[in-house]
Amino acid sequence: MGAKRWALVVGGLVLGAAVVLTVVVTKPWSAHSDHVCCQLPPDTSAIEDVPERWQAAVADGDVATAWGMLTPEAQRRYGTRHALAAALDDLKPSPRAAASWQLIASSTQGRGTPGRFLYLLVEDDSLRPVRAVVVHSRADGTPDGRIDPDVPATVRIQEPADRAVVGLRPRMRSATGIPPAYTAVQAGRIVRGAVGAIREADGHDAPFTPAGPSLRPGPALIVAVQDDDRYTYGTVRVTVRRDA
């Protein structure tokens, strides 16, 4: 075989190895993969104001801006700008007092990958939940966030009851087939429940474990989130007592 032909064969082998190496290194992690995730944590710094900008556009009746902020799927759902305009009153977040958007849950494989981020508008003093939106973003530090404003509040928290007094690590019971993810909003802080909490035989979930952060005494809004390719959620407001 001539030198030129050998060079072509070797070059092809090297190129093939490079292609295989690239596939292995850049393959995204999934729950069904044995590979360790190689992605950086998501960077949401550039999308944190997206819910506020959406709230302002809807409140001002700015249909053009609101339409441009929707995800393609949400645009298909509404169909036309005229249909969106007719729905603006129903979509308008209407807090009765000062309120802040809180990041409650996220579904992402890391920075630069498509992800969903659930934000809930919560009144600062009363902790009354107002409205939720989902921001779709690659979370790579650029302002690419698009809004899905239709987040069903259909998860029913059965225990504790609204306005109940609970301990620092309340047991939860929700009308869901599998345990939802629990997050608590308190003044100036977010407490995330343990991931993959095991449902006990009596149907209760124990997301706030001794190994993780506990709630502080005082008011708390507990949010239960179900993620079946689309977020649904439910809330309950409680008062946390100081355990003896």
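The values are calculated or read from the model by the stated rules, or taken from the named source; none is laboratory data. Just so you know, these numbers come straight off a predicted model, no measurement behind them. Cβ: placed from backbone, ideal geometry, glycine included. Neighbour counts: every protein chain shown. Each accessible area value is taken on the protein alone, full model and side chains, heavy atoms only, with ligands, DNA and RNA left out. Shrake-Rupley method; radii C 1.70, N 1.55, O 1.52, S 1.80 Å.
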### Task
Collect the residues in segment 105-141 that are in contact with a Phe, Trp or Tyr (Cβ under 7 Å, 6 or more places away or on another chain) and either among the β-branched types (V, I, T) or within 15 Å of R53 (Cβ to Cβ) (or both), keeping them in residue-number order.
Y119, L121, V133, V134, V135, S137
### Query
Among the residues of segment 153-165, is there at least one that is outside any loop (DSSP other than H, G, I, E, B), of a type in the set (K, R), over 24 Å from D43 (Cβ atoms) and at pLDDT 95 or above?
no
### Message
I'd like to verify a number: residues in segment 166-187 that are in a strand (DSSP E or B) and either in contact with a Gly (Cβ under 9 Å, 6 or more places away or on another chain) or not hydrophobic (A, V, I, L, M, F, W, C) (or both), how many?
### Response
8
### Query
List pairs: first in segment 207-222 and open to solvent by 40 Å² or more (accessible area, probe 1.4 Å), second aliphatic (A, V, I, L, M), Cβ under 6 Å, 6+ apart or cross-chain?
T209/A194; P213/V191; P217/V240; P219/L127
### Query
Would you pick out the residues in segment 103-128 that are in a strand (DSSP E or B) and either within 14 Å of A187 (Cα to Cα) or not hydroxyl-bearing (S, T, Y) (or both)?
L103, I104, A105, G115, R116, F117, L118, L120, L121, V122, E123
### Task
Collect the residues in segment 69-83 that are open to solvent by less than 50 Å² (accessible area, probe 1.4 Å), closer than 14 Å to V135 by Cβ and of a type outside the set (S, T, N, Q), keeping them in residue-number order.
M69, L70, A74
### Query
Here are P149, P129: which of them is open to solvent by 20 Å² or more (accessible area, probe 1.4 Å), within 16 Å of the chain's Cα centre (by Cα) and at pLDDT 95 or above?
P129
### Those residues of segment 223-244 which are under 19 Å from E123 (Cα atoms), open to solvent by 40 Å² or more (accessible area, probe 1.4 Å) and either without any contact (Cβ under 8 Å) to a residue 40 or more places away in the chain or within 16 Å of the chain's Cα centre (by Cα) (or both), in sequence order
T235
### Task
Select, from R138, R111, R116, the only residue that is buried (at least 18 other Cβ atoms within 10 Å of the Cβ), of a type in the set (K, R), in contact (Cβ under 8 Å) with a residue 40 or more places away in the chain and closer than 30 Å to Q39 by Cβ.
R116
### Task
Return yes or no: is I190 open to solvent by less than 10 Å² (accessible area, probe 1.4 Å), within 18 Å of A105 (Cα to Cα) and assigned to a strand (DSSP E or B)?
no
### Task
Would you mention how many residues in segment 145-169 are touching a residue at least 24 places away in the same chain (Cβ under 8 Å) and over 27 Å from A98 (Cα atoms)?
3
### Query
Quick check: anything in segment 88-99 part of a helix (DSSP H, G or I), modelled with pLDDT of 90 or more, under 21 Å from the mean Cα position of the chain (by Cα) and not hydroxyl-bearing (S, T, Y)?
yes
### Message
Cβ contacts < 6 Å: first residue over 25 Å from P217 (Cβ atoms) and modelled with pLDDT of 95 or more, restricted to segment 170-199; second residue open to solvent by 50 Å² or more (accessible area, probe 1.4 Å) and of a type in the set (S, T, N, Q), any location; separation 6+ or different chain. Result?
### Response
A175/Q158
